[in-house]
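Have a look at the structure below before the remarks.
The values are calculated or read from the model by the stated rules, or taken from the named source; none is laboratory data. Because the structure is a prediction, the values reported are computed rather than measured. In this analysis, Cβ positions are derived from the backbone assuming ideal geometry, glycine residues included, and neighbour counts consider all displayed protein chains. For the accessible areas, the whole protein counts, side chains as well, though only heavy atoms, and no ligand, DNA or RNA atoms are used. Shrake-Rupley method; radii C 1.70, N 1.55, O 1.52, S 1.80 Å.
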Amino acid sequence: MGLGYVGLPLAVALAEAGHDVVGLEVDARRVEAVNRGESHIEDIPSERLQAVGRRIEASTRPAALAGTEAIVICVPTPLTANREPDLGPLLDSGQALSGVLQAGQLVVLESTTYPGTTRERLLPLLEESGLSAGRDFNLAFSPERVDPGRTDYTLRTTPKIVGGLTEACGDRAVAFYEQVCDHVVRVSTPEVAEMSKLLENIFRSVNIALVNELAILCDRMDVDIWEVVDAASTKPYGFMRFEPGPGMGGHCLPVDPFYLSWRARQFDMATEFIELAGKVNQNMPYHCVQRVERALNAAGKPVRGSKVSLIGISYKAGVGDMREAPALKMLALLGGLGADLHYHDPFVPQLREPQLASEPLDDVLEDCDVAVIVTAHPGVDHRAVVERAPLVVDLRGVTRGAQVATVERL
Ligand SMILES: NC(=O)c1ccc[n+]([C@@H]2O[C@H](COP(=O)([O-])OP(=O)(O)OC[C@H]3O[C@@H](n4cnc5c(N)ncnc54)[C@H](O)[C@@H]3O)[C@@H](O)[C@H]2O)c1
């Protein structure tokens, strides 16, 4: 259920392992595309989808799930406008499932969520079917660890955590994932599995915030943060490298930690690390825009009317995902200051807000006043950016080694 960044790769892996897969999806265009063999996920080339042919049948109809042995829920878990968990898609899929659930099926939730969701929110919905979890059907939580764009670890080689509602649920879910994962790690409950995913994401969010805060301090102290990170990274134990940047993006890190802080309030706890990391990371686009203003100011130019070219705008290198991308905030701030905005991003052909289209690198560098490297995509000629732009603000440290006065690094 849900053929996105998580669901489609899993569907393909199961089909490649020889299983017949039904892809239930509310977006009819996605359904048609998948059935035509067209993938909308970078990590799944359309050829891979075509190679499994009719072994994946996408549909918008929950009735298509009839006769399946296992059902995996991979729907979005966003935040509401008030930054509270929006379980709407998850509850909708549970509701849809309750109408078609059959005895003997295994249901696994993969969507990232707060501890307690599987047992307290999903289970009651599924039992509206009249079937009982643990007795008539099996239920488990198994967090997804996909890292879009990553090629060194795959679904098969990344250990998969599984927490069943009962012993038998756990057995069943482990056997299911062993079809496509080499190493399945069993934990005692769905809550442990739910919390472990949040620990992983919060760990990243907090460490990124730490290095971002130090980057701002290093800027004031005139110390090169990149050299500091490189130096600290030579320690063979007790240190893990994190790099500063324009802020956090994607579906996970800016969103998931707040599922836990919301849940923690029900236990009279304030999760201060989560809040602080969120605050520091959310401030980064503002800081980065200030750096652009400062660079222009040093060249005697106002932001208003200056041609500001962003190089790479998706939230991470190698993918076109714009969800929560810090470049969006930077574009809004720079637009508000009157900048003449342009961008080059081979992964993002068009933007709706602001309405812009990716231009060839040559064009965005032509007559620009400042080029801002927001996301360093592979294959983009950053050397040409340094050579041709009169000013460069590098938020990703890719110009290290270029000792030119026209380059400002975060
Ligand atoms: N993207 C990642 O890197 C990543 C990594 C780990 C975990 N996750 C988690 O996995 C979950 C899914 O994320 P994603 O990135 O795949 O999202 P996505 O938006 O790429 O895909 C979700 C899909 O579910 C569909 N959908 C929504 N409601 C539905 C419903 N009721 N029934 C059927 N389909 C429905 C949407 O149309 C969409 O195609 C989220 O909880 C996310 O936090 C994502």
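What translational diffusion coefficient, to the nearest whole µm²/s, does region 108-225 have by Stokes-Einstein, given a Kirkwood radius computed over alpha-carbon pairs, a temperature of 25 °C and 0.890 mPa s viscosity? Let's see the in-between values first.
Numbers: Rh = 16.2 Å.
This corresponds to a translational diffusion coefficient of 152 µm²/s.
Can you compute the helix-only [θ] at 222 nm over the chain? Use -39500 (n - 2.57) per DSSP H run of at least 4 residues, normalise by all residues, nearest 500 deg cm²/dmol.
-11500 deg cm²/dmol
Over the chain, what is the relative contact order in percent, taking alpha-carbon pairs closer than 8 angstrom and at least six residues apart?
11
In debye, nearest 20, what is the charge dipole magnitude of the chain about its Cα centre with +1 on Lys and Arg Cβ and -1 on Asp and Glu Cβ, if you could check? Walk me through the numbers on the way to the answer.
Working: 39 positive and 56 negative charges, 61 e Å.
Dipole size: approximately 300 debye.
Could you work out the equivalent-ellipsoid semi-axes for region 167-234, taking the square root of 5 times each eigenvalue of the Cα gyration tensor, largest first, in whole Å?
For region 167-234, the semi-axes come out at 42, 14, 7 Å.
Toward the positive end of the charge dipole of region 114-221, about the Cα centre and with charges on Cβ (Lys, Arg +1; Asp, Glu -1), which of Leu139, Tyr177, Leu123 goes farthest?
Ranked along the dipole, the leading option is Tyr177.
Mind checking region 306-410 for trypsin sites (Lys or Arg not before Pro) that DSSP puts in a loop (not H, G, I, E or B) and that have at most 15 other Cβ atoms within 10 Å? Can you show the working numbers first?
On the way: sites: Lys307, Lys316, Arg323, Lys329, Arg352, Arg383, Arg388, Arg396, Arg400, Arg409; in loops: Lys316, Arg323, Arg352, Arg396, Arg400.
Listed in order of number, the matching sites are Arg352, Arg400.
Ignoring everything but the protein chains, give the 1.4 Å probe accessible area of Val146 in square angstrom, nearest 10.
60
In the neighborhood of Pro285, defined by Cβ-to-Cβ distances under 11 Å, what is the net charge if each Lys or Arg adds +1 and each Asp or Glu adds -1?
Details: positive: Arg291, Lys329; negative: Glu324.
Charge balance in the 11 Å sphere: +1.
Can you tell which of Phe267, Phe258, Phe203 shows the greatest fluctuation in a Gaussian network model of the chain with Cα springs below 10 Å?
Comparing Phe267, Phe258, Phe203 in the GNM, the peak value goes to Phe267.
Based on Cβ point charges of +1 for Lys and Arg and -1 for Asp and Glu, what charge dipole magnitude is obtained for region 305-410 about its Cα centre, in debye rounded to the nearest 20?
Details: 10 positive and 15 negative charges, 91 e Å.
With Lys and Arg at +1 and Asp and Glu at -1, about 440 debye.
Where the eigenvalues come from the Cα gyration tensor of region 232-300, what are the semi-axes √(5λ) of the equivalent ellipsoid, largest first, in whole Å?
Details: eigenvalues 179, 82, 21 Å².
Its equivalent ellipsoid spans semi-axes of 30, 20, 10 Å.
Heavy atoms only, probe 1.4 angstrom, no DNA, RNA or ligands counted: give me Leu123, Leu109, Leu210 ranked by accessible area, highest first.
Working: Leu123 25, Leu109 0, Leu210 95 Å².
From most accessible down to least: Leu210, Leu123, Leu109.
At q = 0.08 Å⁻¹, what is the log10 ratio I(q)/I(0) for the chain, with the Debye formula run over Cα points and no solvent?
-0.49
State to the nearest 20 debye the size of the charge dipole of region 246-313 about its Cα centre, where the only charges are +1 on K and R beta carbons and -1 on D and E beta carbons. List each step's numbers first, then the result.
Working: 8 positive and 5 negative charges, 100 e Å.
It works out to roughly 480 debye.
Give me the one-decimal nm value for the distance between modelled label points at Ala405 and Ala384, 7 Å along each residue's Cα-to-Cβ direction.
2.7
Pick from Val185, Val34, Val22: which is most flexible by mean-square fluctuation in a GNM of the chain where alpha carbon atoms under 10 Å apart are linked?
Of the options given, Val185 has the highest mean-square fluctuation.
Would you please give the residues with an amide H less than 5 Å from that of Gly23, counting only those at least 5 places away or on a separate chain, with H modeled from the backbone geometry?
Glu57, Ala58, Ser59
With point charges of +1 on the Cβ of Lys and Arg and -1 on the Cβ of Asp and Glu, referenced to the Cα centre of the chain, which listed residue (Gly379, Leu210, Thr157) lies farthest in the positive direction of the dipole?
So the residue we want is Leu210.
Cα atoms only: what Rg and Dmax, in Å, come out for region 302-410?
12.6, 37
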